[in-house]
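Undergrad: The structure's right below; bear with me while I get my questions together.
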Amino acid sequence: MILAVDGGNSKTDVALVGADGTVLGHARGPLSSPHHLGLEASVDLLARLVAETGLDGRRAEVAEVLLAGVDFPEEERRLRDALAPRGWADRLEVGNDTFAVLRAGTDRGWGIAVVCGAGINCVGVAPDGGQVRFPALGTITGDWGGGYDVGLAAISAAARSEDGRGPRTCLEQLVPEHFGVATPHDLAWEIHTGAIPQRRAVELAPAVFAAAADDPVADAVLVRLADEVVALVRATATRLAVDRCDVVLGGGLMRGATPRLLRLIEEGLSDLELTLLRTSAPPIVGAVLLALDELDADENARTRARRELQAVF
């Protein structure tokens, strides 16, 4: 029996799975990132979700806990030390949720994964197990991308369209309408006063993607996002010293990616022998598969787990 946890920037999924791949229990809750909640609150939330799966004092053979916001070795050590006393499993593996996306998208066991949801992150694993990681702390570590940054770019473009500092764009109407206000100026006031949380900018990405087909300003945001994905993949491939591998695109924004966005990414990587894969599987699938890999589970178990997990998550 294995226990798997995937905690992204918007939700947390937990699954209890038998060695044969049968889903024995599952739970879903809010984000559990220690970066956002603090370590103690994160562990308490995970404990509640694990209890919902029906572990009931039993001990799994392997627990695979992969969370957003666990980006440095010290953060991994702290999380492991905080979870170990819970006694959920004989073996405890902790890490970043990008590893779950990579495993969910390819059975090779190595490659590159770009996770583009509320934020953006990337991981690379070489055939020999070597890894490439990014701190993924936002602007202070050079990051741009994900729904939050795309949304803020749309809000900014709408404001500049309204006051004449930037080109006219349909975002001037679409952005405030999404939040139920009349103008970008009104939206700015609502965000400034806290009436509308700035974090809700993440909701705008689908509207930006849709507008990009006819609006040059929205399309420029789409192009920038594609460029950032390409930059992450190229840097990772260089540091891994590989010129051919699977590249898995995961996260909410990539699941909703338009054909143009995907085409721009493919064109940006066209000189490399990379196989671009977009996974629709929830990351918890990858966390479970990694745990089953630890048990040397057979292909039937992995296939059953993937099928049953995609039915419930």
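Undergrad: Quick one: how many residues across segment 192-211 are more than 23 Å from the chain's Cα centre (by Cα) and among the aliphatic types (A, V, I, L, M)?
TA: Number satisfying all stated conditions: 3.
Undergrad: In segment 52-86, how many are of a type in the set (Gly, Ala, Ser) and exposed (fewer than 14 other Cβ atoms within 10 Å of the Cβ)?
TA: 3
Undergrad: Go through (1) within 30 Å of Leu277 (Cβ to Cβ); (2) at pLDDT 95 or above; (3) of a type in the set (D, E, K, R) one by one and return the number of the condition Asp71 breaks.
TA: Result: Asp71 passes all but (2).
Undergrad: Select the helices (runs of 4 or more DSSP H) contained entirely in segment 1-118, then report the ones holding at least 2 residues which are among the polar types (S, T, N, Q).
TA: Those helices (runs of 4 or more DSSP H) span 39-53.
Undergrad: Here's a check for you: in segment 106-120, which residue that is under 18 Å from Val65 (Cα atoms) and either buried (at least 24 other Cβ atoms within 10 Å of the Cβ) or modelled with pLDDT of 95 or more (or both) is nearest to the chain's Cα centre (by Cα)?
TA: Val115
Undergrad: Could you list all residues from segment 288-313 that are without any contact (Cβ under 8 Å) to a residue 12 or more places away in the chain and outside any helix (DSSP H, G or I)?
TA: Asp296, Asp298
Undergrad: Taking only segment 137-151 into account, find how many residues are touching a residue at least 24 places away in the same chain (Cβ under 8 Å) and at positive phi.
TA: Going through segment 137-151 one residue at a time, the tally reaches 2.
Undergrad: Evaluate the following for Asp128: is it surrounded by fewer than 22 Cβ atoms within 10 Å (Cβ to Cβ), part of a helix (DSSP H, G or I) and not small (Gly, Ala, Ser)?
TA: Criteria not met by Asp128.
Undergrad: So which residues in segment 236-271 are in a helix (DSSP H, G or I), touching a Ser or Thr at 6+ places or on another chain (Cβ under 9 Å) and aliphatic (A, V, I, L, M), if there are any at all?
TA: The one that is in a helix (DSSP H, G or I), touching a Ser or Thr at 6+ places or on another chain (Cβ under 9 Å) and aliphatic (A, V, I, L, M): Met254.
Undergrad: Right, something else. Quick test for you: out of Val175, Val123, pick the one residue that is modelled with pLDDT of 95 or more, closer than 30 Å to Leu290 by Cα and crowded, with 18+ Cβ neighbours inside 10 Å.
TA: Within the list Val175, Val123, the selection yields Val123.
Undergrad: Out of curiosity, is Thr275 of a type in the set (S, T, N, Q), free of Cβ contacts under 8 Å to residues at least 40 places away in the same chain and either touching a strand residue (DSSP E or B) at 6+ places or on another chain (Cβ under 8 Å) or within 30 Å of Cys170 (Cβ to Cβ) (or both)?
TA: When the stated conditions are applied, Thr275 passes them.
Undergrad: Is it true that Ala201 is at pLDDT 95 or above and within 28 Å of Thr12 (Cα to Cα)?
TA: Taking the combined requirement at face value, the residue satisfies it.
Undergrad: Next question. Taking segment 265-283, which residues are within 22 Å of Val202 (Cα to Cα) and modelled with pLDDT of 95 or more?
TA: Matches in segment 265-283: Ile265 only.
Undergrad: Now, a different point. Take the residues of segment 272-287 that are in a helix (DSSP H, G or I) and among the hydrophobic types (A, V, I, L, M, F, W, C): which is nearest to Arg28 (Cα to Cα)?
TA: Filtering first and then ranking leaves Ile284.
Undergrad: Can you tell me how many residues within segment 225-247 are surrounded by fewer than 16 Cβ atoms within 10 Å (Cβ to Cβ) and of a type outside the set (Asp, Glu)?
TA: Number of matching residues: 6.
Undergrad: While we're here: Which of the residues that make up segment 225-256 are closer than 22 Å to Ser10 by Cβ and in contact (Cβ under 8 Å) with a residue 40 or more places away in the chain?
TA: Leu225, Glu228, Val229, Leu232, Val248, Leu249, Gly250, Gly251, Gly252, Leu253, Met254, Gly256
Undergrad: Report every pair of residues separated by at least 6 positions or lying on different chains whose Cβ atoms are under 6 Å apart, first residue within segment 198-214 and surrounded by fewer than 20 Cβ atoms within 10 Å (Cβ to Cβ), second at pLDDT 95 or above.
TA: Gln198/Ile191; Ala207/Leu174
The values are calculated or read from the model by the stated rules, or taken from the named source; none is laboratory data. Computed from a prediction, not measured in an experiment: that's the story for all the values here. Here the Cβ is made from the backbone with ideal geometry for all residues, glycine too, and neighbour counts use every protein chain on show.
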